[in-house]
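The values are calculated or read from the model by the stated rules, or taken from the named source; none is laboratory data. On a predicted model such as this, the values are computed, not experimentally measured, just so you know. For neighbour counting, all protein chains shown are included, and Cβ atoms are generated from backbone atoms with ideal geometry for every residue, glycine included. What goes into the accessible areas is simple: the full protein's heavy atoms, side chains included, and nothing from ligands, DNA or RNA. Shrake-Rupley method; radii C 1.70, N 1.55, O 1.52, S 1.80 Å.
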Amino acid sequence: MIILLYNMGKVKFVYVRRENGSRPALDFIANIAAKARQGLPYFTQMAIEIRSGIKAIEKTGVPPWNLINEQPFYVETPTGISVKFELLKRLDYNFPLVEFRVNVGSYPEGYAFRMVLFTHYYQGTEYVFVTNAMIKRQTSSPEFDEMVKEAVEIYKDFRRNPIKYIRMGDSYERPKKS
């Protein structure tokens with residue numbers, strides 16, 4: 001088994017805040033976790049796989065955009081076995097956006113968790129900016145297309161003022177003391 005390390009520095013996830021202070025992706029993941037705690041099997045499996053995928057990215061970093069569709073991730077399961085996982089997919093017509101993918105079951109009964117993100121390196125840290133998340137129940141989804149359009153606008157704003165978003169990550173990990 002080969003595990004490629006793309007980033008030897010730190011990896012920091014930033015769940016992008018909206019003007020109203022909400023973090024839709026983080027809130028959505030918390031909702032999945034709540035359903036998992038209620039014992040809903042698809043959501044229990046999904047929560048485990050989302051957590052494993054995020055941990056894999058924190059460990060290795062996100063591959064360069066042009067290699068994302070070429071290199072699978074190996075995600076360690078709770079039993080300690082590494083499984084080949086197509087965790088990330090580049091959104092070809094929306095550089096540099098990436099789709100984080102977790103599928104549980106198959107259509108039409110299954111669930112396809114999707115999260116849109118982009119990365120940026122700053123002072124030895126790879127920042128993974130997560131814009132939004134959803135569950136798809138079919139292969140094509142107008143809601144997903146809208147989520148990608150929103151992510152494009154967030155990325156454009158990021159390009160104008162990256163420090164605003166990087167500081168957002170710092171405040172998420174280290175809340176200000178009152």
Seminar exercise, completed: For ASP92 the rounded accessible area (nearest 10 Å², probe 1.4 Å, non-protein molecules ignored) is 80
For this session: Only loop residues by DSSP count here, and only those with at most 14 other Cβ atoms within 10 Å; note down the chymotrypsin sites (Phe, Trp or Tyr not before Pro) in the stretch 80-152 that meet that.
Result: TYR93
Exercise. Tell me, in nm to one decimal, what length is gained between GLU70 and GLU153 on full extension, where the rule is 0.36 nm per residue of separation less the Cα-Cα distance?
Worked result: 27.2 nm
Exercise. When the solvent-accessible surface of protein heavy atoms is calculated with a 1.4 angstrom probe, in what order do SER52, SER140 fall, highest first?
Worked result: SER140, SER52
For this session: Using the structure shown, select from LYS89/LYS136; LYS10/LYS59; LYS136/LYS156; LYS55/LYS89 the pairs with a Cα to Cα distance greater than 19 angstrom.
Result: LYS136/LYS156
